[in-house]
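S.K.: Structure below; questions to follow.
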Amino acid sequence: MNLNDPFGRLQSKHEKEYESLRDSLKEKGLNNREDAQALLEKIRQRGIWGVGIIVPSSLLLALLFWDLRAFILLCGALAACWVIKTVMNSRKYVTRYIQEELMDRNE
């Protein structure tokens, strides 16, 4: 029993997310390791771009709307955290896909 997830809800949620991603990657025809590595790099680049757009935009809006700066900065921080967490989960799932589905084919 895990104290952080006593009923296994998060684990089952992550498993469903992985299965959904796995199925969509199979439908798209991603069946070699090189394409999967390229996908990992593309995910990383999109994450960098996302955070790179959110942070300056939030700072600019906070300067333009000085009275709302706390709210704007909070929303920007939450959006940046969401992008980072999404990228981390996506990379974890694609890495798992490589290990579980593509390792057998390349050996």
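S.K.: When the expected Rg is taken as 2.2 N^0.38 Å, what fraction or multiple of it is the alpha-carbon Rg of the stretch 24-64?
M.R.: 1.77
S.K.: At 222 nm, what helix-only mean residue ellipticity would the chain give, in deg cm²/dmol to the nearest 500, using -39500 (n - 2.57) for each DSSP H run of four or more?
M.R.: My calculation for the chain gives -27500 deg cm²/dmol from helical runs alone.
S.K.: Another question, then. Given just the C-alpha atoms of the chain, how large is their convex hull per residue in cubic angstrom?
M.R.: So the per-residue Cα hull volume is 120 Å³.
S.K.: Here is a further query. Would you kindly state how much longer the chain becomes between F71 and I84 on full extension, computed as 0.36 nm times their sequence separation minus their alpha carbon distance, in nm to one decimal?
M.R.: Between F71 and I84, full extension yields 2.7 nm more.
S.K.: Going by average Cβ neighbours within 10 Å, how do the peptides 86-94, 55-63 rank, with the highest at the top?
M.R.: 86-94, 55-63
S.K.: What ranking, highest mean first, results for peptides 96-103, 25-32 when packing means the other Cβ atoms within 10 Å averaged over each residue?
M.R.: Put in order of decreasing packing, that is 96-103, 25-32.
S.K.: Another one. Under a crude label model (7 Å from the Cα following the beta-carbon direction), how far is R96 from D35 in nanometres?
M.R.: Distance between the two pseudo-spin positions: 2.1 nm.
S.K.: Among 4-16, 69-81, how do they line up from the highest to the lowest mean number of other beta-carbon atoms within 10 Å?
M.R.: Sorting 4-16, 69-81 by mean packing, highest first, produces 69-81, 4-16.
S.K.: What nm distance separates the two modelled labels at F7 and S24, each placed 7 Å from Cα along Cα→Cβ?
M.R.: About 2.7 nm separates the two model spin labels.
Any read-out appearing in this document is the output of simple, stated calculations on the displayed coordinates, not a laboratory observation. Fair warning: this is a prediction, and the values are worked out from it, not measured in the lab. Note that we place each Cβ from the backbone using ideal geometry, even for glycine, and neighbour counts take in every protein chain shown.
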